[in-house]
Amino acid sequence: MKKRILGLLLVTLFTTGCQKEDSKTTTNTTITSSSEEVNIELKVNRPILSLEKNELIISGIANEGAEIIVKQEDKKVASEKVKNEKFEISMELLESEEKEVELIVTDGETKKEIKVFSKKHLEKLKADADKKAKEEEEKQAAEKATAEKKAQEDAARKAEEERQAEEKRAQEAAAAAEAARASYDTGTTFENLARNPETYLDQKVKFNGLIIQVIKGSGYSQFRFAVDDNYDQIILIEISEDQLTNNRLLENDHITVRGTSFGEITYTSTMGGEITIPGVVVDSFERY
């Protein structure tokens with residue numbers, strides 16, 4: 001019985017000891033793992049080139065403190081220390097007759113090959129772009145000049161067409177007016193109206209003569225009119241007020257009248273007798 005108890009005690013002690021040793025080992029392993037450094041692989045960004053500033057910028061990421069070296073044909077052309085796991089190297093554009101220049105970027109362990117345009121090629125690209133821009137500018141200027149010229153020609157043509165149309169309208173209006181005036185030249189005489197008033201009723205007539213009396217009315221005025229200044233050829237003419245506005249007629253005015261015969265007019269003279277004479281409604285008149 002005592003032997004069995006002793007055996008159990010030994011087993012318990014051995015197990016406890018193993019557990020303590022395992023715990024110790026685990027702790028040591030954790031400490032070792034946390035002290036390992038993180039390795040950053042060299043990465044190079046796309047180079048930035050500025051012909052205006054004559055500058056080439058190479059940037060990227062690498063291990064802290066590493067020296068980044070840029071080589072051209074195995075010759076060192078620039079370098080910089082990595083800070084905060086980043087680097088940015090600024091240098092002048094590379095001179096070469098070739099379109100591109102090959103560079104090696106290394107942190108001592110890893111090498112990266114990059115190609116950048118040479119300064120000469122960038123100048124060529126700029127010259128081509130400037131030439132194209134100038135050609136486009138000249139093209140647009142030529143197109144604008146052509147458009148402006150066309151617009152001016154169109155405007156001039158339109159103005160000429162409008163002038164000709166206006167001239168034509170004026171000529172047509174003048175011709176129509178002349179035709180209208182000529183339509184009164186019927187050759188009808190005072191004797192025609194006096195002898196055959198009904199025959200010449202509503203016929204167009206034209207007379208020259210002298211106003212010998214003004215009889216003013218409200219909507220129109222009447223005038224005793226001596227045809228050809230002959231007091232033996234008196235007719236009564238009637239003129240609307242709208243024709244007389246700013247164009248008043250007085251006794252002894254010489255005028256030419258164009259109008260329409262409306263038969264005979266009978267009125268009482270100052271002596272008390274009745275007088276019958278031809279009447280004309282005037283469509284237009286003019287002094288002479």
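Looking at Asn246, Asn230, just one residue is at pLDDT 95 or above and part of a loop (DSSP other than H, G, I, E, B), and that residue is Asn230. Every listed requirement among (1) surrounded by 10 or more Cβ atoms within 10 Å (Cβ to Cβ); (2) under 30 Å from Leu236 (Cα atoms); (3) among the small types (Gly, Ala, Ser) is met by Ala165 save one, (2). Within the range 111-127, not a single residue is of a type in the set (A, V, I, L, M), over 18 Å from Leu49 (Cβ atoms) and modelled with pLDDT of 95 or more. Of the residues contained in the range 214-227, none is found to be surrounded by 13 or more Cβ atoms within 10 Å (Cβ to Cβ), under 25 Å from Gly187 (Cβ atoms), basic (Lys, Arg) and in contact with a Ser or Thr (Cβ under 6 Å, 6 or more places away or on another chain). Residues of the range 251-288 that are in contact (Cβ under 8 Å) with a residue 60 or more places away in the chain and in contact with a His (Cβ under 9 Å, 6 or more places away or on another chain): Tyr288 alone.
Take Ile265 and decide whether it is farther than 16 Å from Arg287 by Cβ and of a type in the set (A, V, I, L, M, F, W, C). Yes: the conditions hold for Ile265. Of the conditions (1) under 22 Å from Leu249 (Cβ atoms); (2) modelled with pLDDT under 95, Glu198 clears all except one; give me its number. Answer for Glu198: the failing condition is (1). From the list Ala147, Ala177, Ala141, Ala155, the one residue that fits, being surrounded by 10 or more Cβ atoms within 10 Å (Cβ to Cβ), modelled with pLDDT under 95 and among the hydrophobic types (A, V, I, L, M, F, W, C), is Ala177.
Considering the range 257-279, and only residues there that are among the polar types (S, T, N, Q), surrounded by fewer than 15 Cβ atoms within 10 Å (Cβ to Cβ) and part of a strand (DSSP E or B), the residue that is modelled with the highest pLDDT turns out to be Thr276.
The values are calculated or read from the model by the stated rules, or taken from the named source; none is laboratory data. This one's a predicted model, so the numbers in the text were calculated from it and none came from an experiment. Here the Cβ is made from the backbone with ideal geometry for all residues, glycine too, and neighbour counts use every protein chain on show.
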